[in-house]
Amino acid sequence: MYFNCLAPSIVFQEVPGEIALCFSITGCKVGCKGCHSTEIWNEKSGTPLTNTSFTSWIDKYQGLISCVLFFGGEWQTVQLIEKLKIAKHYGLKTCLYSGEKYVDMAISDHLDFLKTGRWVAELGGLDSPYTNQVFRDMNSSQKLNHLFVPSSPNGSNAPTNLFSLTQQRQGADNVAA
């Protein structure tokens, strides 16, 4: 079995505090309604990501990246673990974005960060206080969703209470009237 991916890219927001080389692995079976990456659903898309080509990508960006991120790939456990081990050998942190609720322990043992949970538009993504998705530091088991929530007007990173903001807005409108 082969492991296909789209052309890798450098990303800055998906793993807080890290510059990540991101590999979008094709063949996703989750198929979330409203997915922004439907091109990874087709397992025949992309090109094979061999250990040699993976190493070449890391060599190309060595010293510029601090993390390797996989969008998917958990359905090909052996191939994914091989890549995670290579990244660790280079001293890089590792992260997996999965639409699944749970990921095989054999994979999670090689991760520094893990995002789980399918996309549900009504709940929003990691930047929503209502999301079903969880971004976790696998070394400390700490949930890090708060790092994705934009700062509120008072400067904190606490999720903004939309109901409270609506009430404040209505109160301000009443005062102005």
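The values are calculated or read from the model by the stated rules, or taken from the named source; none is laboratory data. Source: prediction; values computed, not measured. Just so you know, the surface numbers come from the protein's heavy atoms only, side chains and all, with ligands and any DNA or RNA stripped out. Shrake-Rupley method; radii C 1.70, N 1.55, O 1.52, S 1.80 Å.
Taking all protein chains into account, the per residue accessible area for the range 1-133 stands at 51 Å² (1.4 Å probe). For the pair the range 72-131 and the range 35-67, the centres of their Cα atoms are 14 angstrom apart. Please figure out what share of the DSSP beta bridges in the range 1-145 is antiparallel and state it in percent, rounded to the nearest 5. Counting only bridges with both partners in the range 1-145, antiparallel ones make up about 45 percent.
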